[in-house]
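Written below as C-alpha coordinates is the structure these notes are about.
The values are calculated or read from the model by the stated rules, or taken from the named source; none is laboratory data. All values derive from a computational prediction rather than experimental measurement. Reconstructed Cβ throughout: ideal geometry from the backbone, glycine too, with neighbour counts over all protein chains shown. Quick note on the areas: whole protein, heavy atoms, side chains included, nothing else; ligands and nucleic acids left out. Shrake-Rupley method; radii C 1.70, N 1.55, O 1.52, S 1.80 Å.
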Amino acid sequence: MKTCIVVGGGIGGLVTGALLAKEGYKVTVLEKNAIIGGGLQTFKRNGVSFPTGMHIFGGFNEGGNLKQIFDYLDITDKLKLKATDNEACDVVTIAEDNATYYLPKGKENLINYLAKVFPEESENIKNYLEKLFELSQEEDLFYLRESLSGSKAMDLSEDFLKPYNLLITNYISNPKLRRLLGYLSPLFGGVEDITPAFFNALLSVLHISGTFQFLNGSQQMADLLKEVIENGGGKVIPNEEVVKINVDNHLVTNVITRNGNTFKADNYISDVHPDVLLKIISDDAFTTAFKKRIHSIPETSSSFKVYIKFKDKSFKYVNHPCYYIDNQKDWPNQYMYVTPPIENQSDFAETMIIICMMDFAQVKKWEDTKTGHRGEDYELWKRDMTEKVLNRLDRIYPDFRSCIEFLFASSPLTIRDFYGNKEGSNYGFLKDSHDMMLSQMSVFTKVKNLFLTGQNVNIHGLCGVSLTAIQTAEALVGHNEIVRKINKKSSI
(Lines give C-alpha, C1' and ligand atoms only; values in the text may rest on other atoms or scores of the structure.)
Protein backbone atom coordinates (compact mmCIF):
# COMPACT_ATOMS: atom_id res chain seq x y z
CA MET A 1 0.00 0.00 0.00
CA LYS A 2 1.52 3.32 -1.06
CA THR A 3 1.81 5.91 1.66
CA CYS A 4 1.54 9.69 1.64
CA ILE A 5 1.98 12.39 4.26
CA VAL A 6 0.07 15.66 3.86
CA VAL A 7 1.52 18.64 5.72
CA GLY A 8 -1.45 20.82 6.63
CA GLY A 9 -5.07 19.85 7.15
CA GLY A 10 -6.76 22.74 5.35
CA ILE A 11 -9.22 22.33 2.49
CA GLY A 12 -6.50 21.51 -0.05
CA GLY A 13 -4.79 18.96 2.15
CA LEU A 14 -8.02 17.19 3.09
CA VAL A 15 -9.46 17.04 -0.44
CA THR A 16 -6.12 15.86 -1.86
CA GLY A 17 -5.84 13.27 0.90
CA ALA A 18 -9.40 12.05 0.32
CA LEU A 19 -8.81 11.69 -3.43
CA LEU A 20 -5.62 9.70 -2.81
CA ALA A 21 -7.38 7.53 -0.23
CA LYS A 22 -9.88 6.62 -2.96
CA GLU A 23 -6.88 5.63 -5.07
CA GLY A 24 -5.63 3.19 -2.45
CA TYR A 25 -3.08 5.40 -0.70
CA LYS A 26 -2.63 5.27 3.05
CA VAL A 27 -2.72 8.99 3.85
CA THR A 28 -1.56 10.73 7.03
CA VAL A 29 -2.58 14.39 7.40
CA LEU A 30 -0.64 16.42 9.96
CA GLU A 31 -2.43 19.61 11.10
CA LYS A 32 -0.93 22.23 13.42
CA ASN A 33 -4.24 23.47 14.86
CA ALA A 34 -6.47 21.71 17.36
CA ILE A 35 -9.32 21.59 14.81
CA ILE A 36 -8.84 20.45 11.22
CA GLY A 37 -10.22 22.17 8.15
CA GLY A 38 -8.50 25.53 7.80
CA GLY A 39 -11.09 27.77 6.14
CA LEU A 40 -13.72 25.07 6.77
CA GLN A 41 -13.30 25.27 10.53
CA THR A 42 -16.21 26.36 12.67
CA PHE A 43 -15.45 27.75 16.13
CA LYS A 44 -17.59 28.65 19.12
CA ARG A 45 -17.77 31.86 21.13
CA ASN A 46 -20.07 31.95 24.18
CA GLY A 47 -21.57 28.69 22.96
CA VAL A 48 -22.46 30.13 19.53
CA SER A 49 -20.95 28.69 16.33
CA PHE A 50 -19.23 30.89 13.76
CA PRO A 51 -17.56 29.75 10.49
CA THR A 52 -14.04 31.02 9.84
CA GLY A 53 -14.47 31.04 6.06
CA MET A 54 -16.40 29.44 3.18
CA HIS A 55 -19.32 31.79 3.72
CA ILE A 56 -20.65 31.51 0.17
CA PHE A 57 -19.72 29.17 -2.68
CA GLY A 58 -20.92 27.78 -6.00
CA GLY A 59 -20.42 24.50 -7.80
CA PHE A 60 -23.07 22.38 -6.05
CA ASN A 61 -25.83 23.02 -8.57
CA GLU A 62 -26.91 20.03 -10.65
CA GLY A 63 -23.98 19.23 -12.94
CA GLY A 64 -21.70 21.60 -11.00
CA ASN A 65 -18.03 20.73 -10.67
CA LEU A 66 -17.98 20.58 -6.86
CA LYS A 67 -21.09 18.43 -6.77
CA GLN A 68 -19.43 15.96 -9.13
CA ILE A 69 -16.18 15.91 -7.12
CA PHE A 70 -17.92 15.37 -3.79
CA ASP A 71 -20.33 12.86 -5.34
CA TYR A 72 -17.23 10.90 -6.32
CA LEU A 73 -16.03 11.08 -2.70
CA ASP A 74 -19.53 10.00 -1.52
CA ILE A 75 -19.91 13.17 0.51
CA THR A 76 -22.52 15.35 -1.24
CA ASP A 77 -25.58 13.55 0.12
CA LYS A 78 -24.24 13.91 3.66
CA LEU A 79 -23.59 17.64 3.42
CA LYS A 80 -26.18 20.04 4.79
CA LEU A 81 -26.39 22.93 2.33
CA LYS A 82 -28.82 25.77 1.74
CA ALA A 83 -29.22 27.37 -1.68
CA THR A 84 -29.44 31.15 -1.84
CA ASP A 85 -32.54 32.87 -3.26
CA ASN A 86 -33.21 32.33 -6.95
CA GLU A 87 -34.29 35.95 -7.47
CA ALA A 88 -31.45 37.39 -5.38
CA CYS A 89 -28.40 35.17 -5.50
CA ASP A 90 -26.28 38.24 -4.71
CA VAL A 91 -27.47 41.67 -3.59
CA VAL A 92 -25.21 44.66 -4.32
CA THR A 93 -25.58 48.21 -3.01
CA ILE A 94 -23.68 51.07 -4.62
CA ALA A 95 -23.42 53.89 -2.12
CA GLU A 96 -23.26 56.97 -4.33
CA ASP A 97 -27.02 56.94 -4.89
CA ASN A 98 -27.90 54.12 -2.47
CA ALA A 99 -29.05 51.94 -5.36
CA THR A 100 -29.46 48.23 -4.60
CA TYR A 101 -29.37 45.53 -7.25
CA TYR A 102 -30.91 42.08 -6.77
CA LEU A 103 -28.97 39.76 -9.05
CA PRO A 104 -30.86 36.57 -9.97
CA LYS A 105 -29.49 33.10 -10.72
CA GLY A 106 -29.11 32.00 -14.33
CA LYS A 107 -27.29 33.71 -17.18
CA GLU A 108 -30.39 34.66 -19.14
CA ASN A 109 -32.17 35.85 -16.01
CA LEU A 110 -29.21 38.06 -15.11
CA ILE A 111 -28.92 39.47 -18.64
CA ASN A 112 -32.64 40.33 -18.67
CA TYR A 113 -32.51 41.92 -15.21
CA LEU A 114 -29.47 44.10 -15.92
CA ALA A 115 -30.84 45.08 -19.34
CA LYS A 116 -33.99 46.44 -17.66
CA VAL A 117 -31.94 48.49 -15.18
CA PHE A 118 -29.40 49.66 -17.77
CA PRO A 119 -31.36 49.50 -21.08
CA GLU A 120 -28.76 51.55 -22.99
CA GLU A 121 -26.21 48.81 -22.18
CA SER A 122 -28.41 45.78 -22.96
CA GLU A 123 -26.35 44.48 -25.88
CA ASN A 124 -23.08 45.18 -24.06
CA ILE A 125 -24.32 43.31 -20.99
CA LYS A 126 -25.19 40.26 -23.06
CA ASN A 127 -21.84 40.30 -24.87
CA TYR A 128 -19.88 40.73 -21.63
CA LEU A 129 -21.60 37.89 -19.79
CA GLU A 130 -21.24 35.65 -22.84
CA LYS A 131 -17.53 36.50 -22.79
CA LEU A 132 -17.22 35.44 -19.14
CA PHE A 133 -18.72 32.04 -19.91
CA GLU A 134 -16.52 31.77 -23.00
CA LEU A 135 -13.39 32.46 -20.91
CA SER A 136 -14.41 29.87 -18.34
CA GLN A 137 -14.46 27.28 -21.13
CA GLU A 138 -10.72 27.75 -21.59
CA GLU A 139 -10.14 26.08 -18.21
CA ASP A 140 -10.69 22.36 -18.88
CA LEU A 141 -10.50 21.33 -15.24
CA PHE A 142 -13.22 23.84 -14.30
CA TYR A 143 -15.57 21.67 -16.36
CA LEU A 144 -13.83 18.44 -15.32
CA ARG A 145 -12.73 17.75 -18.86
CA GLU A 146 -9.68 15.67 -19.67
CA SER A 147 -6.86 18.00 -20.66
CA LEU A 148 -3.52 18.11 -22.38
CA SER A 149 -0.41 18.38 -20.24
CA GLY A 150 2.62 20.57 -20.77
CA SER A 151 2.94 23.73 -22.85
CA LYS A 152 -0.07 22.99 -25.05
CA ALA A 153 -2.25 23.33 -21.97
CA MET A 154 -1.14 26.97 -21.56
CA ASP A 155 -2.51 28.20 -24.88
CA LEU A 156 -4.85 30.83 -23.41
CA SER A 157 -6.56 33.80 -25.04
CA GLU A 158 -5.52 37.41 -24.58
CA ASP A 159 -8.80 38.22 -22.80
CA PHE A 160 -8.27 35.34 -20.35
CA LEU A 161 -5.16 37.05 -18.98
CA LYS A 162 -6.26 40.68 -19.41
CA PRO A 163 -6.86 42.63 -16.15
CA TYR A 164 -10.44 41.97 -15.09
CA ASN A 165 -11.44 45.65 -14.86
CA LEU A 166 -10.10 46.38 -18.36
CA LEU A 167 -12.18 43.54 -19.76
CA ILE A 168 -15.26 45.10 -18.16
CA THR A 169 -14.29 48.50 -19.59
CA ASN A 170 -13.95 46.98 -23.07
CA TYR A 171 -17.62 46.03 -23.03
CA ILE A 172 -19.35 48.44 -20.66
CA SER A 173 -19.61 52.26 -20.88
CA ASN A 174 -21.68 53.12 -17.81
CA PRO A 175 -19.32 53.72 -14.81
CA LYS A 176 -21.88 52.48 -12.28
CA LEU A 177 -22.51 49.29 -14.23
CA ARG A 178 -18.75 48.74 -14.43
CA ARG A 179 -18.54 48.88 -10.63
CA LEU A 180 -21.53 46.59 -10.31
CA LEU A 181 -20.02 43.97 -12.63
CA GLY A 182 -16.82 44.02 -10.60
CA TYR A 183 -18.59 43.44 -7.27
CA LEU A 184 -17.01 40.02 -6.78
CA SER A 185 -13.46 41.40 -6.78
CA PRO A 186 -13.11 41.17 -2.95
CA LEU A 187 -13.82 37.43 -3.25
CA PHE A 188 -10.81 36.83 -5.50
CA GLY A 189 -8.51 39.52 -4.14
CA GLY A 190 -8.94 41.54 -7.30
CA VAL A 191 -6.62 44.48 -7.87
CA GLU A 192 -7.52 46.75 -10.77
CA ASP A 193 -5.11 46.71 -13.72
CA ILE A 194 -3.36 43.62 -12.26
CA THR A 195 -5.61 40.62 -11.50
CA PRO A 196 -6.39 38.52 -14.62
CA ALA A 197 -9.95 38.41 -15.94
CA PHE A 198 -10.19 34.63 -15.66
CA PHE A 199 -10.57 34.91 -11.86
CA ASN A 200 -13.63 37.10 -12.29
CA ALA A 201 -14.89 34.85 -15.09
CA LEU A 202 -14.70 31.62 -13.11
CA LEU A 203 -16.16 33.11 -9.93
CA SER A 204 -18.92 34.90 -11.85
CA VAL A 205 -19.91 31.69 -13.64
CA LEU A 206 -20.10 29.88 -10.29
CA HIS A 207 -22.29 32.59 -8.76
CA ILE A 208 -24.53 32.95 -11.81
CA SER A 209 -25.07 29.18 -11.78
CA GLY A 210 -26.20 29.29 -8.16
CA THR A 211 -24.58 29.72 -4.75
CA PHE A 212 -24.91 27.89 -1.45
CA GLN A 213 -24.17 28.19 2.25
CA PHE A 214 -23.46 25.51 4.83
CA LEU A 215 -26.17 24.81 7.39
CA ASN A 216 -24.63 24.95 10.87
CA GLY A 217 -21.20 25.79 9.49
CA SER A 218 -18.60 24.24 7.22
CA GLN A 219 -16.84 22.00 9.76
CA GLN A 220 -19.07 19.20 8.51
CA MET A 221 -17.17 19.05 5.21
CA ALA A 222 -13.79 18.77 6.95
CA ASP A 223 -15.13 15.96 9.15
CA LEU A 224 -16.53 14.07 6.15
CA LEU A 225 -13.24 14.37 4.26
CA LYS A 226 -11.51 13.01 7.36
CA GLU A 227 -13.85 10.00 7.26
CA VAL A 228 -12.90 9.28 3.64
CA ILE A 229 -9.21 9.32 4.57
CA GLU A 230 -9.75 7.12 7.63
CA ASN A 231 -11.93 4.67 5.71
CA GLY A 232 -8.95 4.25 3.39
CA GLY A 233 -6.75 3.26 6.31
CA GLY A 234 -5.27 6.72 6.87
CA LYS A 235 -5.18 9.21 9.74
CA VAL A 236 -5.87 12.91 10.24
CA ILE A 237 -3.92 14.14 13.26
CA PRO A 238 -4.55 17.60 14.79
CA ASN A 239 -2.08 19.39 17.09
CA GLU A 240 0.79 17.89 15.09
CA GLU A 241 2.63 20.81 13.53
CA VAL A 242 5.43 19.90 11.12
CA VAL A 243 8.54 21.93 11.98
CA LYS A 244 11.11 20.13 9.81
CA ILE A 245 11.01 18.42 6.41
CA ASN A 246 14.28 16.56 5.85
CA VAL A 247 15.51 16.19 2.27
CA ASP A 248 18.39 14.07 1.02
CA ASN A 249 19.43 13.71 -2.62
CA HIS A 250 16.24 15.46 -3.87
CA LEU A 251 13.95 13.20 -1.85
CA VAL A 252 12.06 13.88 1.37
CA THR A 253 13.17 11.28 3.91
CA ASN A 254 10.88 12.20 6.82
CA VAL A 255 9.11 15.02 8.62
CA ILE A 256 9.45 15.96 12.28
CA THR A 257 6.69 17.61 14.31
CA ARG A 258 6.81 20.07 17.19
CA ASN A 259 5.81 17.20 19.46
CA GLY A 260 9.05 15.42 18.53
CA ASN A 261 7.39 12.75 16.40
CA THR A 262 8.88 11.53 13.11
CA PHE A 263 6.71 10.48 10.16
CA LYS A 264 7.84 8.73 6.96
CA ALA A 265 6.06 7.96 3.69
CA ASP A 266 6.63 7.30 -0.01
CA ASN A 267 5.30 10.71 -1.01
CA TYR A 268 4.72 14.07 0.70
CA ILE A 269 2.29 16.89 -0.05
CA SER A 270 2.53 20.43 1.29
CA ASP A 271 -0.71 22.29 1.95
CA VAL A 272 1.06 25.13 3.76
CA HIS A 273 1.97 28.51 2.30
CA PRO A 274 5.14 28.16 0.16
CA ASP A 275 6.81 30.79 2.32
CA VAL A 276 6.19 28.60 5.38
CA LEU A 277 7.39 25.54 3.47
CA LEU A 278 10.74 27.20 2.79
CA LYS A 279 11.18 27.85 6.53
CA ILE A 280 10.74 24.20 7.53
CA ILE A 281 12.37 22.31 4.67
CA SER A 282 16.10 21.51 4.39
CA ASP A 283 18.07 24.57 3.27
CA ASP A 284 19.42 22.87 0.15
CA ALA A 285 16.07 21.52 -1.05
CA PHE A 286 15.45 24.49 -3.35
CA THR A 287 17.72 26.87 -5.22
CA THR A 288 18.44 30.38 -3.98
CA ALA A 289 16.73 31.78 -7.09
CA PHE A 290 13.54 29.84 -6.33
CA LYS A 291 13.54 31.05 -2.72
CA LYS A 292 13.97 34.66 -3.82
CA ARG A 293 11.12 34.29 -6.27
CA ILE A 294 8.77 32.92 -3.58
CA HIS A 295 9.65 35.71 -1.17
CA SER A 296 9.12 38.36 -3.87
CA ILE A 297 5.57 37.38 -4.88
CA PRO A 298 3.03 39.90 -3.55
CA GLU A 299 0.10 38.64 -1.48
CA THR A 300 -3.59 39.29 -1.99
CA SER A 301 -5.33 41.50 0.54
CA SER A 302 -6.45 40.37 3.96
CA SER A 303 -9.62 41.25 5.83
CA PHE A 304 -11.10 42.59 9.03
CA LYS A 305 -14.13 40.61 10.20
CA VAL A 306 -16.84 41.44 12.69
CA TYR A 307 -18.77 38.50 14.16
CA ILE A 308 -22.18 39.32 15.60
CA LYS A 309 -24.65 37.33 17.71
CA PHE A 310 -28.12 38.84 17.50
CA LYS A 311 -30.69 39.07 20.24
CA ASP A 312 -33.53 36.60 19.82
CA LYS A 313 -35.85 37.50 16.92
CA SER A 314 -34.31 40.93 16.45
CA PHE A 315 -32.83 40.78 12.92
CA LYS A 316 -34.41 39.23 9.82
CA TYR A 317 -32.57 36.33 8.19
CA VAL A 318 -31.16 37.16 4.74
CA ASN A 319 -30.75 34.19 2.38
CA HIS A 320 -28.00 35.70 0.24
CA PRO A 321 -24.74 37.61 0.67
CA CYS A 322 -24.93 41.40 0.57
CA TYR A 323 -22.17 43.50 -0.99
CA TYR A 324 -21.59 47.20 -0.39
CA ILE A 325 -19.50 49.37 -2.74
CA ASP A 326 -18.53 52.93 -1.87
CA ASN A 327 -16.26 55.21 -3.91
CA GLN A 328 -15.21 57.13 -0.79
CA LYS A 329 -11.67 56.53 0.46
CA ASP A 330 -12.72 56.14 4.09
CA TRP A 331 -12.45 52.53 5.27
CA PRO A 332 -14.43 50.32 4.95
CA ASN A 333 -15.42 51.28 1.43
CA GLN A 334 -16.10 47.76 0.18
CA TYR A 335 -17.46 44.93 2.27
CA MET A 336 -19.88 42.03 2.32
CA TYR A 337 -22.01 40.46 5.02
CA VAL A 338 -23.87 37.19 5.47
CA THR A 339 -26.27 35.71 8.02
CA PRO A 340 -25.12 32.05 8.20
CA PRO A 341 -28.13 29.69 8.19
CA ILE A 342 -28.85 27.00 10.74
CA GLU A 343 -31.04 23.91 10.48
CA ASN A 344 -34.76 24.73 10.63
CA GLN A 345 -33.85 28.33 9.88
CA SER A 346 -36.59 30.70 11.06
CA ASP A 347 -37.38 34.17 9.72
CA PHE A 348 -34.74 35.58 12.03
CA ALA A 349 -30.96 35.36 11.88
CA GLU A 350 -28.89 34.04 14.75
CA THR A 351 -25.58 35.54 13.63
CA MET A 352 -23.95 37.82 11.06
CA ILE A 353 -20.41 38.01 9.72
CA ILE A 354 -19.17 41.25 8.12
CA ILE A 355 -16.05 40.93 5.97
CA CYS A 356 -14.12 44.09 5.08
CA MET A 357 -11.05 44.11 2.86
CA MET A 358 -7.96 45.33 4.71
CA ASP A 359 -4.28 45.59 3.80
CA PHE A 360 -1.74 44.07 6.15
CA ALA A 361 -0.07 47.49 6.38
CA GLN A 362 -2.80 48.54 8.83
CA VAL A 363 -1.59 46.00 11.41
CA LYS A 364 2.11 45.88 10.55
CA LYS A 365 3.12 47.68 13.77
CA TRP A 366 1.91 44.59 15.70
CA GLU A 367 3.33 41.97 13.32
CA ASP A 368 5.76 40.59 15.93
CA THR A 369 3.02 39.95 18.50
CA LYS A 370 1.00 36.81 19.17
CA THR A 371 -2.73 36.27 19.65
CA GLY A 372 -3.84 37.46 23.08
CA HIS A 373 -0.62 39.39 23.66
CA ARG A 374 -0.83 42.32 21.22
CA GLY A 375 -1.25 45.10 23.77
CA GLU A 376 -3.91 47.62 24.72
CA ASP A 377 -3.24 49.90 21.73
CA TYR A 378 -4.10 47.02 19.39
CA GLU A 379 -7.35 46.34 21.27
CA LEU A 380 -8.25 50.04 21.07
CA TRP A 381 -7.50 50.06 17.35
CA LYS A 382 -9.65 46.98 16.84
CA ARG A 383 -12.56 48.57 18.72
CA ASP A 384 -12.20 51.69 16.59
CA MET A 385 -12.32 49.62 13.40
CA THR A 386 -15.37 47.74 14.67
CA GLU A 387 -17.15 51.06 15.32
CA LYS A 388 -16.47 52.14 11.75
CA VAL A 389 -17.98 48.90 10.46
CA LEU A 390 -21.05 49.26 12.66
CA ASN A 391 -21.51 52.85 11.47
CA ARG A 392 -21.78 51.49 7.92
CA LEU A 393 -24.43 48.97 8.93
CA ASP A 394 -26.36 51.65 10.80
CA ARG A 395 -26.82 53.47 7.48
CA ILE A 396 -28.46 50.39 5.99
CA TYR A 397 -30.38 49.16 9.04
CA PRO A 398 -31.54 51.87 11.47
CA ASP A 399 -31.10 50.76 15.10
CA PHE A 400 -28.80 47.95 13.95
CA ARG A 401 -26.81 48.12 17.19
CA SER A 402 -29.89 47.49 19.29
CA CYS A 403 -30.15 44.00 17.72
CA ILE A 404 -26.68 42.93 18.90
CA GLU A 405 -26.31 40.60 21.88
CA PHE A 406 -22.52 40.41 21.61
CA LEU A 407 -19.80 40.84 19.00
CA PHE A 408 -16.08 40.44 18.47
CA ALA A 409 -13.64 41.04 15.63
CA SER A 410 -10.59 39.54 13.91
CA SER A 411 -7.84 41.27 11.96
CA PRO A 412 -5.28 40.29 9.31
CA LEU A 413 -3.03 39.20 12.19
CA THR A 414 -5.65 36.68 13.30
CA ILE A 415 -5.79 35.22 9.80
CA ARG A 416 -1.99 35.13 9.52
CA ASP A 417 -1.54 33.29 12.80
CA PHE A 418 -4.39 30.86 12.31
CA TYR A 419 -3.73 29.86 8.70
CA GLY A 420 0.01 30.40 8.66
CA ASN A 421 -0.44 32.74 5.69
CA LYS A 422 2.09 35.39 4.83
CA GLU A 423 0.55 38.76 5.81
CA GLY A 424 -2.79 37.09 6.52
CA SER A 425 -3.68 37.04 2.85
CA ASN A 426 -7.19 35.80 2.05
CA TYR A 427 -6.33 34.19 -1.26
CA GLY A 428 -2.60 33.52 -1.27
CA PHE A 429 -0.33 34.85 -3.98
CA LEU A 430 -1.47 37.81 -6.07
CA LYS A 431 -1.72 36.80 -9.71
CA ASP A 432 -0.38 39.53 -12.02
CA SER A 433 -1.65 39.58 -15.59
CA HIS A 434 1.59 41.33 -16.61
CA ASP A 435 3.82 38.65 -15.07
CA MET A 436 1.89 35.41 -14.70
CA MET A 437 5.05 33.31 -14.47
CA LEU A 438 6.08 35.02 -11.23
CA SER A 439 3.17 33.61 -9.23
CA GLN A 440 2.55 30.51 -11.34
CA MET A 441 3.10 27.49 -9.10
CA SER A 442 3.23 23.88 -10.26
CA VAL A 443 2.04 20.98 -8.14
CA PHE A 444 5.44 19.41 -8.87
CA THR A 445 8.65 20.51 -7.14
CA LYS A 446 12.37 19.87 -7.64
CA VAL A 447 12.12 17.47 -4.69
CA LYS A 448 10.95 14.34 -6.51
CA ASN A 449 8.50 13.02 -3.91
CA LEU A 450 7.21 16.41 -2.68
CA PHE A 451 4.10 17.97 -4.24
CA LEU A 452 2.11 21.15 -3.60
CA THR A 453 -1.58 21.74 -3.10
CA GLY A 454 -3.76 24.55 -1.73
CA GLN A 455 -4.75 28.06 -2.78
CA ASN A 456 -1.28 29.31 -3.68
CA VAL A 457 -0.88 26.84 -6.53
CA ASN A 458 -3.64 27.85 -8.95
CA ILE A 459 -7.01 29.22 -7.89
CA HIS A 460 -8.28 29.91 -4.37
CA GLY A 461 -11.65 29.22 -2.80
CA LEU A 462 -13.49 25.96 -2.21
CA CYS A 463 -13.82 25.34 -5.95
CA GLY A 464 -10.31 26.38 -6.97
CA VAL A 465 -8.59 24.47 -4.16
CA SER A 466 -10.64 21.33 -4.87
CA LEU A 467 -9.68 21.47 -8.55
CA THR A 468 -6.02 21.91 -7.61
CA ALA A 469 -6.37 18.89 -5.31
CA ILE A 470 -7.25 16.83 -8.38
CA GLN A 471 -4.09 18.04 -10.13
CA THR A 472 -1.96 17.21 -7.10
CA ALA A 473 -3.46 13.75 -6.67
CA GLU A 474 -3.07 13.08 -10.41
CA ALA A 475 0.62 13.99 -10.13
CA LEU A 476 0.90 10.72 -8.19
CA VAL A 477 -1.66 8.51 -9.94
CA GLY A 478 -1.51 9.77 -13.53
CA HIS A 479 -2.77 12.71 -15.57
CA ASN A 480 -6.57 12.68 -16.13
CA GLU A 481 -6.99 9.47 -14.10
CA ILE A 482 -9.18 10.99 -11.39
CA VAL A 483 -11.07 13.25 -13.81
CA ARG A 484 -12.05 10.13 -15.80
CA LYS A 485 -13.33 8.40 -12.67
CA ILE A 486 -15.29 11.47 -11.55
CA ASN A 487 -16.98 11.69 -14.95
CA LYS A 488 -17.63 7.98 -15.04
CA LYS A 489 -19.45 8.12 -11.71
CA SER A 490 -21.37 11.23 -12.80
CA SER A 491 -22.63 9.46 -15.90
CA ILE A 492 -24.04 6.46 -14.01
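Screening Gly217 with (1) surrounded by 20 or more Cβ atoms within 10 Å (Cβ to Cβ); (2) out of contact with any Gly (no Cβ under 6 Å at 6 or more places or on another chain); (3) outside any loop (DSSP other than H, G, I, E, B) gives one miss only, at (3).
Scanning the stretch 459-487 for residues that are part of a loop (DSSP other than H, G, I, E, B) and under 17 Å from the mean Cα position of the chain (by Cα) yields Ile459, His460.
Residues in the stretch 438-458 that are open to solvent by less than 30 Å² (accessible area, probe 1.4 Å) and either more than 28 Å from Ile56 (Cβ to Cβ) or not in a helix (DSSP H, G or I) (or both): Met441, Val443, Val447, Asn449, Leu450, Phe451, Leu452, Thr453, Gly454, Asn456, Val457. Against the definition (over 23 Å from the mean Cα position of the chain (by Cα), surrounded by 20 or more Cβ atoms within 10 Å (Cβ to Cβ) and either under 21 Å from Asn200 (Cα atoms) or of a type in the set (A, V, I, L, M, F, W, C) (or both)), how does Tyr113 come out, yes or no? No, not satisfied.
Which is surrounded by 16 or more Cβ atoms within 10 Å (Cβ to Cβ) and either of a type outside the set (A, V, I, L, M) or at pLDDT 95 or above (or both), of Glu130, Glu96, Glu134, Glu121? The match here is Glu121. If you go through the stretch 171-184 one residue at a time, do you hit one that is open to solvent by less than 30 Å² (accessible area, probe 1.4 Å) and within 15 Å of the chain's Cα centre (by Cα)? Scanning the stretch 171-184, I find at least one residue that is open to solvent by less than 30 Å² (accessible area, probe 1.4 Å) and within 15 Å of the chain's Cα centre (by Cα), so the answer is yes. With respect to being acidic (Asp, Glu) and under 30 Å from Val247 (Cα atoms), Glu350 falls outside the description.
Across the stretch 397-430, the number of residues qualifying as among the hydroxyl-bearing types (Ser, Thr, Tyr) and assigned to a loop (DSSP other than H, G, I, E, B) comes to 4. Is there any pair linking a residue in the stretch 361-376 that is free of Cβ contacts under 8 Å to residues at least 12 places away in the same chain to one that is in a loop (DSSP other than H, G, I, E, B), with Cβ under 7 Å and at least six apart or on different chains, and which? Cβ pairs passing all conditions: Gly375/Thr369.
Residues are listed down the side, and each one gets a yes or a no for (1) modelled with pLDDT of 95 or more; (2) closer than 24 Å to Glu123 by Cα:
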site	(1), (2)
Tyr164	yes, yes
Asn170	yes, yes
Leu187	no, no
Thr211	yes, no
Asn216	no, no
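For Leu380, the conditions (1) hydrophobic (A, V, I, L, M, F, W, C); (2) under 21 Å from Leu187 (Cβ atoms); (3) free of Cβ contacts under 8 Å to residues at least 12 places away in the same chain are fulfilled apart from (2).
Applying a threshold of 8 Å to beta carbon distances and a minimum spacing of six or more residues, or different chains, the list of pairs starting in the stretch 82-109 at a residue that is in contact (Cβ under 8 Å) with a residue 24 or more places away in the chain and ending at one that is among the aliphatic types (A, V, I, L, M) and open to solvent by 50 Å² or more (accessible area, probe 1.4 Å) reads Thr93/Ile396; Tyr101/Val117. For the residues Ile308, Ile294, Ile325, the requirement of being modelled with pLDDT under 95 and either surrounded by fewer than 18 Cβ atoms within 10 Å (Cβ to Cβ) or in contact with a strand residue (DSSP E or B) (Cβ under 7 Å, 6 or more places away or on another chain) (or both) singles out Ile325. Only residues that are open to solvent by 20 Å² or more (accessible area, probe 1.4 Å) and in a helix (DSSP H, G or I): list them for the stretch 12-38, please. Within the stretch 12-38, just Lys22 meets the criteria. If I ask for residues that are open to solvent by less than 70 Å² (accessible area, probe 1.4 Å), part of a helix (DSSP H, G or I) and out of contact with any Lys or Arg (no Cβ under 8 Å at 6 or more places or on another chain), which ones from the stretch 361-390 would you list? Val363, Tyr378, Glu379, Trp381, Lys382, Met385, Thr386, Val389 - these are the residues of the stretch 361-390 that are open to solvent by less than 70 Å² (accessible area, probe 1.4 Å), part of a helix (DSSP H, G or I) and out of contact with any Lys or Arg (no Cβ under 8 Å at 6 or more places or on another chain).
If the condition is being polar (S, T, N, Q) and either closer than 30 Å to Asn216 by Cα or modelled with pLDDT under 95 (or both), then the stretch 328-368 contributes Gln328, Asn333, Gln334, Thr339, Asn344, Gln345, Ser346, Thr351.
Does Ile237 qualify as being touching a helix residue (DSSP H, G or I) at 6+ places or on another chain (Cβ under 8 Å), β-branched (Val, Ile, Thr), surrounded by 15 or more Cβ atoms within 10 Å (Cβ to Cβ) and in contact (Cβ under 8 Å) with a residue 40 or more places away in the chain? Against the criterion (touching a helix residue (DSSP H, G or I) at 6+ places or on another chain (Cβ under 8 Å), β-branched (Val, Ile, Thr), surrounded by 15 or more Cβ atoms within 10 Å (Cβ to Cβ) and in contact (Cβ under 8 Å) with a residue 40 or more places away in the chain), Ile237 does not qualify.
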